[in-house]
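Just below is one structure, and these are the notes that go with it.
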Amino acid sequence: PRLHIENMFVNYKDTSTLKFLHLGYNQNNIEINFKAISFKSNHEIVYKYRLLPIESDWKTTKQISVNYNNLPPGNYNFEIKARNESGVWSDTNSNINFSIEKPFWKKWWFYVLVFLLFSMILYLVFYNRIRNLKEQNQIRKQMNDFMQNALKLVVNEHFLFNSFNSLNHLILSGDKMESSKMLVRLSNYIRATLSSAKKNIISLSDEINQLKLYFEIE
């Protein structure tokens, strides 16, 4: 029998049977129509077909069309042959080649793009994290500097040096009473000074008492 492929439907639309068809990932519903002519009897013609590479074995039918739904992406070769009532097969197999492309989210460039995007997001996250840590460290450093400067303003190092020298002189001279008074005044002053340094607002009475201790020590 003389066999030929008549037409090919893609997503139920007639498509010209070109030698090779490039189809999109969503054009995966295929119907192929074919027909064999035998001068003895057209009613007894048997067809065998297969779609490589998903079908390696031949399938037999008496229908003049086959359907493939939801084909995965790939390159395909549809082969078909016919047999008449005498058991004679067609001399050559008819075939049609077509390919279904992968969706864009399964292509290599999409994976590369996602990888680059993910890497950029990670870089921005780490960059912002490192920048925030640097800013926090800078703020801590400035706060420490401010506290040290404030402490220097509150407790004068020369005043402490002179006070301890005076206390040492009183101890060496054997004046226990004055030494004890000096030590109590100095400890009260230091405690009051450090306590006031922790507060945002100091009452006027506390400020006056602290100044009295200072002058008494002087």
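The values are calculated or read from the model by the stated rules, or taken from the named source; none is laboratory data. Computed from a prediction, not measured in an experiment: that's the story for all the values here. When we count neighbours, we look across all protein chains shown, and the Cβ atoms used for this are built from the backbone with ideal geometry, even at glycine. Heads up: the accessible areas ignore ligands, DNA and RNA and are worked out on the full protein's heavy atoms, side chains in. Shrake-Rupley method; radii C 1.70, N 1.55, O 1.52, S 1.80 Å.
Data overview
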| quantity | calculated |
| --- | --- |
| Counted charge near Ser163, where neighbours are those whose Cβ lies closer than 12 Å (Asp, Glu -1; Lys, Arg +1) | -2 |
| Amide H within-cut-off set for Asn7, under 5 Å, with H built and near neighbours excluded | Asn33 |
| Ellipsoid equivalent to the stretch 112-218 - semi-axes via the Cα gyration tensor, in Å | 53, 16, 9 |
| With DNA, RNA and ligands ignored, accessible area of Ser180 (1.4 Å probe; Å², nearest 10) | 60 |
| Over 25 Å [Cα-Cα, the chain], rounded percent | 68 |
| Measure of compaction for the stretch 58-115 (Cα Rg per 2.2 N^0.38 Å) | 1.77 |
| For the stretch 1-151: accessible area per residue (Å², 1.4 Å) | 72 |
| Rounded accessible area of Leu160 (nearest 10 Å², 1.4 Å probe) | 40 |
| Exposed trypsin sites (Lys or Arg not before Pro) absent - longest run of the chain, DSSP non-H/G/I/E/B, at most 14 other C-beta within 10 Å | 108-197 |
| Neighbourhood net charge (14 Å Cβ-Cβ; Lys/Arg +1, Asp/Glu -1) for Asn137 | +3 |
| Met143 accessible area, 1.4 Å probe, all protein chains in place, Å² to nearest 10 | 110 |
| Check: the stretch 1-126 dipole with +1 on Lys, Arg Cβ and -1 on Asp, Glu Cβ, in debye | 60 |
| Protein accessible area in the stretch 71-128, 1.4 Å probe - carbon and sulfur % | 67 |
